[in-house]
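Asker: Quick one: the structure is below, and I'll ask about it shortly.
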Amino acid sequence: MDILEAINSRRSIRKFTGEVISDENLKTILKAGFQAPSAHNIQPRDYVVIKDTEIIRKITEFHQYTKMLPKAGCAIAVCGDKEKQSNIGFLVEDCSASIQNMLLTAHGLGLGAVWCGIYSADNLVESMSKLLKLPGHIVPIGMVVVGTKVEDKKPIDRYDETKVHFNRW
């Protein structure tokens, strides 16, 4: 898939068939996450692949926007390492770039995916950290839910020229 086509046609997918994601596709998605740019090339990202049905059930209990998770193929928690990157803004940006790469890759593979935010909602960060047994210096930033999509969504043109400024506001 052409990169501009992927960017312009990718949509958040929340309806899945329940089919398991192949190890090959999962690795391709993870590799794309690792390829994302990183401030000062510190690469402070770690990933927790979640397939366990009990963990998935518990996530849906504390994260109100993950009701689609049980029918997805898996979830990938994208976490930032505060020991590698102490600037929380850069840490969030690095993880967010990784998440975007993963979303585009899932789309390019013909899969559906959606970004479920975690950081900076304290209750979500705390609950996810505890559930996944994350070390204290690892912060869950977001989660990519991936699966075989039930339906395609039509692209939306979100370009808004009134929000484009040149040189000054």
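The values are calculated or read from the model by the stated rules, or taken from the named source; none is laboratory data. Given the structure is predicted, the values throughout are model-derived calculations rather than measurements. Positions of Cβ are generated from backbone atoms using ideal geometry, with glycine treated the same way; all protein chains shown enter the neighbour counts.
Asker: LYS84: within 14 Å of the chain's Cα centre (by Cα) and among the basic types (Lys, Arg), yes or no?
Answerer: Criteria not met by LYS84.
Asker: How about segment 102-130: which of its residues are part of a helix (DSSP H, G or I) and under 24 Å from GLU151 (Cβ atoms)? Can you show your working first?
Answerer: Here is the first cut: in segment 102-130, the ones part of a helix (DSSP H, G or I) are 102-108, 122-130.
Residues satisfying the conditions are MET102, LEU103, LEU104, THR105, ALA106, HIS107, GLY108.
Asker: Then there's this: Quickly run through segment 37-77 and pick out the residues that are free of Cβ contacts under 8 Å to residues at least 60 places away in the same chain, assigned to a loop (DSSP other than H, G, I, E, B) and touching a strand residue (DSSP E or B) at 6+ places or on another chain (Cβ under 6 Å).
Answerer: Correct list: PRO44, LYS51, TYR65.
Asker: If VAL78 satisfies every condition in (1) closer than 17 Å to GLY33 by Cβ; (2) out of contact with any Lys or Arg (no Cβ under 7 Å at 6 or more places or on another chain); (3) β-branched (Val, Ile, Thr) but one, which is the exception?
Answerer: (2)
Asker: Please tell me if THR162 is crowded, with 21+ Cβ neighbours inside 10 Å, polar (S, T, N, Q) and modelled with pLDDT of 95 or more.
Answerer: Working: crowded, with 21+ Cβ neighbours inside 10 Å: no; polar (S, T, N, Q): yes; modelled with pLDDT of 95 or more: yes.
Considered against the rule, which asks whether it is crowded, with 21+ Cβ neighbours inside 10 Å, polar (S, T, N, Q) and modelled with pLDDT of 95 or more, THR162 comes out as no.
Asker: From the residues in segment 131-158 that are in a strand (DSSP E or B) and of a type in the set (A, V, I, L, M, F, W, C), which one is surrounded by the fewest Cβ atoms within 10 Å (Cβ to Cβ)?
Answerer: We begin by selecting, within segment 131-158, every residue in a strand (DSSP E or B); these are 138-147, 149.
Narrowing further to those that are of a type in the set (A, V, I, L, M, F, W, C): 138-139, 141, 143-146.
Numbers: ILE138: 20, VAL139: 24, ILE141: 25, MET143: 26, VAL144: 26, VAL145: 27, VAL146: 27.
This residue is ILE138.
Asker: Take segment 100-126 and flag every residue that is within 20 Å of PHE62 (Cβ to Cβ) and touching a residue at least 60 places away in the same chain (Cβ under 8 Å).
Answerer: Within segment 100-126, VAL114, TRP115, ASN123, LEU124 qualify.
Asker: Based on this model, can you work out whether THR162 counts as among the β-branched types (Val, Ile, Thr), farther than 27 Å from ILE3 by Cβ and out of contact with any Phe, Trp or Tyr (no Cβ under 9 Å at 6 or more places or on another chain)?
Answerer: Against the criterion (among the β-branched types (Val, Ile, Thr), farther than 27 Å from ILE3 by Cβ and out of contact with any Phe, Trp or Tyr (no Cβ under 9 Å at 6 or more places or on another chain)), THR162 does not qualify.
Asker: Additional query: Which residue pairs have Cβ atoms under 6 Å apart, sit 6 or more places apart or on different chains, and have a first residue in segment 21-33 that is more than 12 Å from CYS74 (Cα to Cα) and a second that is part of a helix (DSSP H, G or I) and not charged (D, E, K, R)?
Answerer: Between residues of segment 21-33 that are more than 12 Å from CYS74 (Cα to Cα) and residues that are part of a helix (DSSP H, G or I) and not charged (D, E, K, R), the close pairs are ALA32/ASN101; ALA32/MET102; ALA32/THR105; GLY33/SER98; GLY33/ASN101; GLY33/MET102.
Asker: ILE29: farther than 19 Å from GLU126 by Cβ, touching a Ser or Thr at 6+ places or on another chain (Cβ under 6 Å) and not in a loop (DSSP other than H, G, I, E, B), yes or no? First the steps, then the outcome.
Answerer: On the way: farther than 19 Å from GLU126 by Cβ: yes; touching a Ser or Thr at 6+ places or on another chain (Cβ under 6 Å): yes; not in a loop (DSSP other than H, G, I, E, B): yes.
Yes.
Asker: Looking at (1) crowded, with 20+ Cβ neighbours inside 10 Å; (2) in contact with a helix residue (DSSP H, G or I) (Cβ under 8 Å, 6 or more places away or on another chain), which is the one condition that is false for GLY108?
Answerer: The failed condition is (1).
Asker: Can you tell me which residues in segment 32-70 are touching a helix residue (DSSP H, G or I) at 6+ places or on another chain (Cβ under 8 Å) and of a type in the set (Lys, Arg)?
Answerer: Those that are touching a helix residue (DSSP H, G or I) at 6+ places or on another chain (Cβ under 8 Å) and of a type in the set (Lys, Arg): ARG45, ARG57, LYS58, LYS67.
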